[in-house]
1. In contact with a helix residue (DSSP H, G or I) (Cβ under 7 Å, 6 or more places away or on another chain) and within 17 Å of ASN77 (Cα to Cα): does that describe PHE170?
2. May I ask you to list the residues in segment 36-59 that are outside any loop (DSSP other than H, G, I, E, B) and surrounded by 19 or more Cβ atoms within 10 Å (Cβ to Cβ)?
3. Given the residues ALA258, ALA231, ALA246, which is the only one that is in contact (Cβ under 8 Å) with a residue 60 or more places away in the chain and touching a Leu at 6+ places or on another chain (Cβ under 8 Å)?
4. What are the pairs, 6+ residues apart or on separate chains, where a residue within segment 52-81 that is acidic (Asp, Glu) has its Cβ under 6 Å from a residue that is crowded, with 23+ Cβ neighbours inside 10 Å and in a strand (DSSP E or B)?
5. Given (1) crowded, with 18+ Cβ neighbours inside 10 Å; (2) over 22 Å from SER284 (Cβ atoms), where does ALA246 come up short, assuming only one miss?
6. Restricting the search to segment 207-228, which residues are buried (at least 16 other Cβ atoms within 10 Å of the Cβ), in a loop (DSSP other than H, G, I, E, B) and in contact (Cβ under 8 Å) with a residue 60 or more places away in the chain?
7. Could you check segment 137-158 and list, in sequence order, the residues that are among the β-branched types (Val, Ile, Thr), farther than 19 Å from ALA91 by Cβ and assigned to a strand (DSSP E or B)?
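The values are calculated or read from the model by the stated rules, or taken from the named source; none is laboratory data. Values in this document were obtained by computation on a predicted structure and should not be read as measured data. So basically every Cβ, Gly included, is an ideal-geometry build from the backbone, and we count neighbours across all protein chains shown.
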Amino acid sequence: MHRSGRAALAALALATAAPLAAAVAAGPVSASSALRPPGARGGYRAFSDPAPVTIAGYTGSAMEPFVSLDGRYLLFNTSNVAPAIPSLQFAVRSGPRSFTYGGPIRGANQPGFLSGTPSMDRDGILYFVSTRNYAARRATVYAGRFDSGAVTKVHAVAGVVAPAPGLVDFDASVSPDGGSLYVSVGQFAGGSGPSRAGLALFHRRGRAFVADPRSAALLGAVNRAGPLVYAASVSTDGLELFFTVADPAGGVVEIDRAERSSTSRPFGRVQRVRAISGFAEAPSLSGDGTTLYFHLRVGRLFVIEQVTRP
């Protein structure tokens, strides 16, 4: 698979149990009709004006962006292209498309182990993935309380554990209300990337999360056969879902949107976000729904960009 971002992250996660290569392959990148379900023609056109997001004081790759619901903090991880080991970072807003680098998120990173793909609910609970305990428990999803660039009480999220060796939960995105987790699950068979990847839905029950028994039905139009599907972001009202879709053969990747009329209904009407092009992954919707952040490959680096809608 021609990959960066989440696929490389998943390969690094599995590397705690078995050696795997993690590299970005060169090659042309373009949208492909093979990634799109029936009825997706035309794409989703509400977003426009792609523009870079600057991080003053930071010069490396910035990936997996998340902006806190109040708009104050940008959370991201460093490069996940081997041999780099991703770590969680933060920046503080200084303008409409600019932030000032604050440094590593204190308390989140563990030396020698991947930490990445941040998201946070309205109560300040930060969720991220880490390989620190995959070999022993196949647990990769963690949470803790974020405040002013630090996270405390970090713990593995109860109830979210890969069910078998070779399966890796390589991304987890929390809903704004903290009640749901959209987990990206990859199947590995010893290669350098996943042979399959899709989304699974969990809901909070007390201090743990449990798998939604209707997950397959609710996400059926999203988890279509063939492409790799990962890196979800759900809107505040739960009616829009943004995610990355990639061709497992490599090179082709896009950001898609699905919608539904009620949170009890399955997602449908999957369309590519037309304003986003190039090797773009990891969509993250702002709390007010007007801005979609993502990372984009530019040369040998990954940068954060945004598109907006009224």
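1. Considered against the rule, which asks whether it is in contact with a helix residue (DSSP H, G or I) (Cβ under 7 Å, 6 or more places away or on another chain) and within 17 Å of ASN77 (Cα to Cα), PHE170 comes out as yes.
2. Filtering segment 36-59 down to residues outside any loop (DSSP other than H, G, I, E, B) leaves 44, 48-52, 54-56.
TYR44, ILE55, listed by residue number.
3. Details: ALA258 fails: in contact (Cβ under 8 Å) with a residue 60 or more places away in the chain; ALA231 fails: touching a Leu at 6+ places or on another chain (Cβ under 8 Å).
ALA246 is the lone residue from the list that is in contact (Cβ under 8 Å) with a residue 60 or more places away in the chain and touching a Leu at 6+ places or on another chain (Cβ under 8 Å).
4. Correct list of pairs: GLU64/PHE76; GLU64/ASN77; GLU64/GLY116; GLU64/THR117; GLU64/ALA282.
5. (2)
6. ALA221, ARG224, PRO227
7. Keep residues of segment 137-158 that are among the β-branched types (Val, Ile, Thr), which gives 140-141, 151-152, 154, 157.
Keeping just the survivors that are farther than 19 Å from ALA91 by Cβ gives 140-141, 152, 154, 157.
Answer for segment 137-158, where residues must be among the β-branched types (Val, Ile, Thr), farther than 19 Å from ALA91 by Cβ and assigned to a strand (DSSP E or B): THR140, VAL141, THR152, VAL154.
Residue by residue, here is whether (1) closer than 26 Å to LEU88 by Cβ; (2) of a type in the set (A, V, I, L, M); (3) at pLDDT 95 or above holds:
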site	(1), (2), (3)
VAL168	yes, yes, no
VAL183	yes, yes, yes
GLY186	yes, no, no
GLY193	yes, no, no
LEU201	yes, yes, yes
ARG205	no, no, yes
